[in-house]
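A.B. asks: Okay, handing you the structure first.
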Amino acid sequence: MIEIRGLIKRFEGKAVTRNAVDGIDLTVPEGQLVTLLGPSGCGKTTTLRLIAGLERPDAGEIRIGDKVVYSSDDHVYVGVHQRPIGVVFQSYAVWPHMTAVQNVMFPLRSGQKKLPVPEARRKAMEALDLVGLADLADRPAPALSGGQQQRVSLARALTREPEVLLLDEPLSNLDKGLRDRVRDEIRAVQQRLGITTVFVTHDQDEALAVSDEVILMEFGRIVERGPAQQVYARPRSEFTARFMGISNSLPGSVTTCGDGLADIALAHGELRCVAAGELAEGDRVNVFVRPESLSLSRKDSTGRGWKGTVEFSIYHGDCWDYHVRVGDTLLRSRIYKEKVGLSHGDPVFVSPDEETAIAIPAGAGAVGGQDATPLSGSRAR
Ligand SMILES: Nc1ncnc2c1ncn2[C@@H]1O[C@H](COP(=O)(O)OP(=O)(O)OP(=O)(O)O)[C@@H](O)[C@H]1O
Ligand SMILES: [Mg+2]
């Protein structure tokens, strides 16, 4: 288990206006994998480096298991080598003059708890077996593929049997197919060992695929957190909705609400939505609609479709994205059909699926904005 309270890190410098990590509270339960997800510069790597002891915080407390490894109040600071952690970074960082197994043995053969060669080799082979590389143990590191080198890094991080695994964008140097395979491998090993893990990524698909819990960060703070399915299907802030790929947003106001639903008056008509948080009649909201929840038709069979014009389409292999102008708004509709046959300039009717759109109070969760909703510190559920 990892517990973090009130963690703050500020880098000195003329241009620095915000704390890189700005008061983070975080609990990673025993055996769970939590991802830190957010845009470039939001403080993911810094948070991970603070947990690892590679960077010294300015304030707060960090516990790993039952041990306090940092406390500003009690003046505790445990160095990186004394923390029970394994770390994997984006660059594979395997040593090119060694074989796979020598790379994995290296941490076992250094430091105060240096193991004899046969035992170090046995442990290293166990770790390589865990990541499916036992057959390539004696191959020189440069003769391994990118994915294999990344798995050597993972094996090396696991060989000391750490309490906690810290992974910083471990997949981002790999191409798409390999990325999925190594991602699955990491999740499989993590679940098999039941090892408490923090996984940093800026890729929402990757975060959804591997996480027990997703933590969304912006400007050094936590904006939202929850199980992957919840963050995906029921975002509570505009930032999260956009970050999770809900590209369609429409301003509106609440006409009626209750039981977690709300009727929203939009420029093009009324729509029944799922309410994110407490809403009251007259509240200004932004309605977020997934592209998959917008259907297109040439005829307005329901009488409730929004009249629009196709601007352009993008083919993705398993689906089409149609960009349709409705009034001043450009909406994206994703259609999983072999042939739709719409092209630039065609008139269409856009129909949102009822109760899939999400109405979020305007400005909710904007860390940097004036309407900031302070979610960090409280579990936003
Ligand atoms: N050593 C440093 N000195 C000064 N500023 C730093 C240092 N390390 C990070 N920062 C700043 O702290 C902020 C957070 O950086 P961090 O590397 O944690 O972001 P990140 O979320 O990991 O981004 P990315 O997705 O690009 O890796 C950024 O504004 C960055 O410029
Ligand atoms: Mg980073």
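The values are calculated or read from the model by the stated rules, or taken from the named source; none is laboratory data. These figures come from a predicted structure and were not determined experimentally. Note that we place each Cβ from the backbone using ideal geometry, even for glycine, and neighbour counts take in every protein chain shown. Note: accessible area is taken over every heavy atom of the protein model, side chains too, but ligands, DNA and RNA are not part of it. Shrake-Rupley method; radii C 1.70, N 1.55, O 1.52, S 1.80 Å.
A.B. asks: Are any residues in the range 45-59 open to solvent by less than 10 Å² (accessible area, probe 1.4 Å) and within 9 Å of ligand 2 (Cβ to nearest atom), and if so, which ones?
C.D. replies: Across the range 45-59, the qualifying residue is only 48.
A.B. asks: Now for a different question. Of all residues in the range 15-44, which are within 15 Å of ligand 2 (Cβ to nearest atom) and over 30 Å from residue 188 (Cα atoms)?
C.D. replies: Once the filter is applied, which keeps residues that are within 15 Å of ligand 2 (Cβ to nearest atom) and over 30 Å from residue 188 (Cα atoms), the range 15-44 yields 20, 21.
A.B. asks: What is the number of the single condition among (1) more than 16 Å from ligand 2 (Cβ to nearest atom); (2) surrounded by fewer than 23 Cβ atoms within 10 Å (Cβ to Cβ); (3) polar (S, T, N, Q) that residue 172 does not meet?
C.D. replies: Going through (1) more than 16 Å from ligand 2 (Cβ to nearest atom); (2) surrounded by fewer than 23 Cβ atoms within 10 Å (Cβ to Cβ); (3) polar (S, T, N, Q) one by one, residue 172 breaks only (1).
A.B. asks: Still on this structure: Looking at (1) more than 7 Å from ligand 1 (Cβ to nearest atom); (2) open to solvent by 20 Å² or more (accessible area, probe 1.4 Å); (3) under 22 Å from residue 211 (Cα atoms); (4) free of Cβ contacts under 8 Å to residues at least 60 places away in the same chain, can you tell me which one residue 41 breaks?
C.D. replies: (1)
A.B. asks: Find the residue count for the range 187-231, including only residues that are at pLDDT 90 or above, in a helix (DSSP H, G or I), surrounded by 16 or more Cβ atoms within 10 Å (Cβ to Cβ) and not small (Gly, Ala, Ser).
C.D. replies: Counting residues in the range 187-231 that are at pLDDT 90 or above, in a helix (DSSP H, G or I), surrounded by 16 or more Cβ atoms within 10 Å (Cβ to Cβ) and not small (Gly, Ala, Ser) gives 8.
A.B. asks: Another question, if that's okay. Being closer than 20 Å to residue 54 by Cβ, modelled with pLDDT of 90 or more and open to solvent by 30 Å² or more (accessible area, probe 1.4 Å) is the requirement here; does residue 156 meet it?
C.D. replies: Here the answer is yes, as residue 156 does meet what is asked.
A.B. asks: Let me ask another. For residue 91, work out the one condition from (1) small (Gly, Ala, Ser); (2) away from ligand 2 (no atom under 16 Å from the Cβ); (3) in contact (Cβ under 8 Å) with a residue 60 or more places away in the chain it doesn't fulfil.
C.D. replies: Condition (2) is where residue 91 drops out.
A.B. asks: Looking for something β-branched (Val, Ile, Thr) and either on the phi > 0 side of the Ramachandran plot or in contact with a helix residue (DSSP H, G or I) (Cβ under 8 Å, 6 or more places away or on another chain) (or both) - is there at least one such residue anywhere in the range 268-277?
C.D. replies: no
A.B. asks: Then there is this: Scan the range 44-59 for residues that are near ligand 1 (Cβ under 10 Å from one of its atoms) and of a type in the set (A, V, I, L, M) and jot them down. Don't jump to the end; show me each part of the working.
C.D. replies: Taking the range 44-59 and keeping what is near ligand 1 (Cβ under 10 Å from one of its atoms), we get 44-50, 55.
Across the range 44-59, the qualifying residues are 48, 50.
A.B. asks: Restricting to the range 247-303, name every residue that is touching a residue at least 60 places away in the same chain (Cβ under 8 Å), open to solvent by 40 Å² or more (accessible area, probe 1.4 Å) and not in a loop (DSSP other than H, G, I, E, B).
C.D. replies: Result: 251, 261, 272, 284.
A.B. asks: Sticking with this one: Inside the range 159-169, can you point out the residues that are open to solvent by less than 50 Å² (accessible area, probe 1.4 Å) and away from ligand 2 (no atom under 16 Å from the Cβ)?
C.D. replies: Residues satisfying the conditions are 159, 162, 164, 165.
A.B. asks: State the number of residues belonging to the range 153-170 that are away from ligand 1 (no atom under 13 Å from the Cβ) and within 17 Å of the chain's Cα centre (by Cα). So that I can check it myself, show each step before the final result.
C.D. replies: Residues of the range 153-170 that are away from ligand 1 (no atom under 13 Å from the Cβ), as a first pass: 153-165.
If we keep only those that are within 17 Å of the chain's Cα centre (by Cα) as well, we get 165.
Within the range 153-170, residues that are away from ligand 1 (no atom under 13 Å from the Cβ) and within 17 Å of the chain's Cα centre (by Cα) number 1.
A.B. asks: Here is a follow-up. Is it the case that residue 233 is within 30 Å of residue 145 (Cβ to Cβ), free of Cβ contacts under 8 Å to residues at least 60 places away in the same chain and hydrophobic (A, V, I, L, M, F, W, C)? Please lay out each step first, then the result.
C.D. replies: Working: within 30 Å of residue 145 (Cβ to Cβ): no; free of Cβ contacts under 8 Å to residues at least 60 places away in the same chain: yes; hydrophobic (A, V, I, L, M, F, W, C): yes.
No, not satisfied.
A.B. asks: Turning to a different aspect of this structure: Taking into account only those residues within the range 322-348 that are among the charged types (D, E, K, R) and in a strand (DSSP E or B), which is most open to solvent (accessible area, probe 1.4 Å)? Explain how you work it out, then say what you get.
C.D. replies: Of the residues in the range 322-348, the ones among the charged types (D, E, K, R) are 325, 328, 332, 334, 337-339, 346.
Okay, now just the ones that are also in a strand (DSSP E or B), so 325, 332, 334.
Details: 325: 88, 332: 50, 334: 58 Å².
Residue satisfying both the conditions and the ranking: 325.
A.B. asks: While we're on this one: Report, by residue number, each residue of the range 60-81 that is within 16 Å of ligand 1 (Cβ to nearest atom), open to solvent by 10 Å² or more (accessible area, probe 1.4 Å) and at pLDDT 95 or above.
C.D. replies: Hit for the range 60-81 is 60, nothing else.
A.B. asks: Can I ask one more? Looking for something of a type in the set (S, T, N, Q) and touching a Gly at 6+ places or on another chain (Cβ under 7 Å) - is there at least one such residue anywhere in the range 308-325?
C.D. replies: Checking the range 308-325: at least one residue is of a type in the set (S, T, N, Q) and touching a Gly at 6+ places or on another chain (Cβ under 7 Å).
A.B. asks: Next question. Go through the residues of the range 306-317 one by one and say whether even a single one is under 28 Å from residue 226 (Cβ atoms) and modelled with pLDDT under 90.
C.D. replies: Looking for residues that are under 28 Å from residue 226 (Cβ atoms) and modelled with pLDDT under 90, one finds at least one in the range 306-317, hence yes.
A.B. asks: Something else about it: Out of 241, 209, I need the residue that is more than 22 Å from residue 52 (Cα to Cα) and within 11 Å of the chain's Cα centre (by Cα). Which one? Walk me through how you get there before you give the answer.
C.D. replies: Numbers: 241 fails: within 11 Å of the chain's Cα centre (by Cα).
When all the criteria are applied, what remains is 209.
A.B. asks: Sticking with this one: Being within 16 Å of ligand 2 (Cβ to nearest atom) and open to solvent by less than 40 Å² (accessible area, probe 1.4 Å), is that true of even one residue in the range 99-113?
C.D. replies: For the range 99-113, residues within 16 Å of ligand 2 (Cβ to nearest atom) and open to solvent by less than 40 Å² (accessible area, probe 1.4 Å): absent.
A.B. asks: Let me ask another. Name the residue that is nearest to ligand 1 (Cβ to nearest atom), counting only residues in the range 5-38 that are in contact with a Phe, Trp or Tyr (Cβ under 9 Å, 6 or more places away or on another chain) and hydrophobic (A, V, I, L, M, F, W, C).
C.D. replies: The residue in question is 20.
A.B. asks: Here's a follow-up. Identify the residue in the range 169-207 that is hydrophobic (A, V, I, L, M, F, W, C) and touching a residue at least 60 places away in the same chain (Cβ under 8 Å) and, among all such residues, is farthest from residue 4 (Cα to Cα).
C.D. replies: If we filter the range 169-207 for residues that are hydrophobic (A, V, I, L, M, F, W, C), which is where we start, we get 171, 174, 178, 182, 186, 188-189, 193, 195, 198-200, 207.
Among the residues that remain, those that are also touching a residue at least 60 places away in the same chain (Cβ under 8 Å) are: 193, 195, 198-200, 207.
On the way: 193: 23, 195: 18, 198: 12, 199: 15, 200: 16, 207: 21 Å.
Per the criteria, the residue is 193.
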